[in-house]
Amino acid sequence: MSINRRQFLTTLGLTTIATHIAPVIAEIQTAPNIIIKPPHLKIGDTVGLIAPAGIIEPKDIETAQQALTKLGLKVITGAHILDRYGYLAGKDSDRTQDIHTMFVDNSVKAIMAMRGGWGCNRILPLLNYPLIRKNPKIIIGYSDITSLLLAINARSQLITFHGAVATSTWNQFTVDYFKNILFDREKLIMQNTPTNEGKIEIITQGKARGKLIGGNLSIVAAMVGSPYLPSWYKSILFLEDIGEDIYRIDRMLTQLKNAGILNQISGFIFGQCTNCQSGDEPAFTLIQILNHHIQPLGIPAWYGSMIGHIKDKFTVPIGLEVEIDTNNGTIKMLEAAVT
């Protein structure tokens, strides 16, 4: 091989590498560092319904429309909301397109997922995060929607909301938090109802401040190692789950610990773990597992907040500064979550 040819191929190789690296460098250099709050909702505003994960039925849309109409909202649906692709509500590209369409549609003031299931992690690399940042609006959901909420918060620096999906039970508790935070721009203190369902268990007493980050534990654990998670430094981590054996909760918390996440946080809240069983004896209880992982951190923490696969749900702003108090099991918003 001649020197000229070798030099040419070397230059070509470096050029090819630079071509692939340049967009990444550009994204890092232009990455936003100022958090954005979406505009608040008003009576008469339009909510865009999407199905970014599991399959839905036409009757689900009817139920959602009835619930949201009672809140004084109008509803439009994504073009692919009733698509089916295996166990997914359409192909990855089509589900992504529906999200982008809702963000750029000026008539849409909030985006709400129909349900969770599985599928949001698949579309995170396809999302246009600069486009989302340029068109800030409320996006809300829970369970598998955790992926979207955390990725958009991390990459677009937009406050997102862990709360009801369109097919949730819209009882008074859920409606009040939804309206007070997203319509009325209130700085709320979130506190459980004084009932047996609202009882909390303190893991470590105290108060702490930080950005509220979290969601479904299974989904958070599945995102570890990806570029779609926010900074954990001095954050308040909240988690919830459903239908997991206790040993799996142990395994996923161990993963967060081994990944260096737990030792960065300043506070911890575990919401509800619906239908989480200890399995065959011998076994640990959930609170024992939480104590094993969280007590050694020496940070304020409790179990039993009204977050998760339950009827009574807080609307939890992801990325917002809060103060928690374990003695009362409260999450105090230090500022409004919407403009």
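The values are calculated or read from the model by the stated rules, or taken from the named source; none is laboratory data. From a predicted model like this one, the values you see are computed outputs, not experimental measurements. Glycine gets a Cβ as well: all are built from the backbone with ideal geometry, and neighbour counts include every protein chain shown. Only protein heavy atoms, including side chains, enter the accessible area calculation; ligands, DNA and RNA are left aside. Shrake-Rupley method; radii C 1.70, N 1.55, O 1.52, S 1.80 Å.
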Inset, instruction - Considering every residue within the stretch 218-236, establish whether at least one is assigned to a strand (DSSP E or B) and under 20 Å from the mean Cα position of the chain (by Cα). - result: yes
Legend entry - Test for residue 274: is it among the β-branched types (Val, Ile, Thr), within 24 Å of residue 148 (Cα to Cα) and surrounded by fewer than 19 Cβ atoms within 10 Å (Cβ to Cβ): yes
Legend entry - Residue count for the stretch 115-149, restricted to those that are part of a helix (DSSP H, G or I), within 15 Å of residue 53 (Cα to Cα) and open to solvent by less than 10 Å² (accessible area, probe 1.4 Å): 9
Inset, instruction - Hey, could you check the stretch 164-194 for residues that are open to solvent by 60 Å² or more (accessible area, probe 1.4 Å) and part of a loop (DSSP other than H, G, I, E, B) and say which is nearest to residue 300 (Cα to Cα)? - result: 191
Legend entry - Subset of the stretch 215-253 that is open to solvent by less than 10 Å² (accessible area, probe 1.4 Å) and of a type in the set (Asp, Glu) - its residue that is nearest to residue 204 (Cα to Cα): 240
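Name every residue in the stretch 195-217 that is of a type outside the set (A, V, I, L, M, F, W, C) and either assigned to a strand (DSSP E or B) or within 22 Å of residue 164 (Cβ to Cβ) (or both), in order of residue number. Steps first, answer last, please.
Initial filter on the stretch 195-217 (of a type outside the set (A, V, I, L, M, F, W, C)): 195-199, 201, 204-207, 209-211, 214-216.
195, 197, 198, 201, 204, 207, 209, 210, 211, 214, 215, 216 - these are the residues of the stretch 195-217 that are of a type outside the set (A, V, I, L, M, F, W, C) and either assigned to a strand (DSSP E or B) or within 22 Å of residue 164 (Cβ to Cβ) (or both).
Given the structure, is residue 178 more than 18 Å from residue 212 (Cα to Cα), out of contact with any helix residue (DSSP H, G or I) (no Cβ under 8 Å at 6 or more places or on another chain) and not acidic (Asp, Glu)?
Numbers: more than 18 Å from residue 212 (Cα to Cα): no; out of contact with any helix residue (DSSP H, G or I) (no Cβ under 8 Å at 6 or more places or on another chain): yes; not acidic (Asp, Glu): yes.
Here the answer is no, as residue 178 does not meet what is asked.
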Inset, instruction - Could you list, in sequence order, all residues of the stretch 111-131 that are over 23 Å from residue 225 (Cα atoms) and either more than 15 Å from the chain's Cα centre (by Cα) or charged (D, E, K, R) (or both)? - result: 115, 131
Inset, instruction - Sort out for me the strands (runs of 3 or more DSSP E) sitting completely within the stretch 262-322 that have 3 or more residues that are under 23 Å from residue 206 (Cα atoms) and within 16 Å of the chain's Cα centre (by Cα). - result: 267-274, 316-318
Legend entry - Checking residue 210 against (1) touching a helix residue (DSSP H, G or I) at 6+ places or on another chain (Cβ under 8 Å); (2) open to solvent by less than 80 Å² (accessible area, probe 1.4 Å), the condition it does not meet: (1)
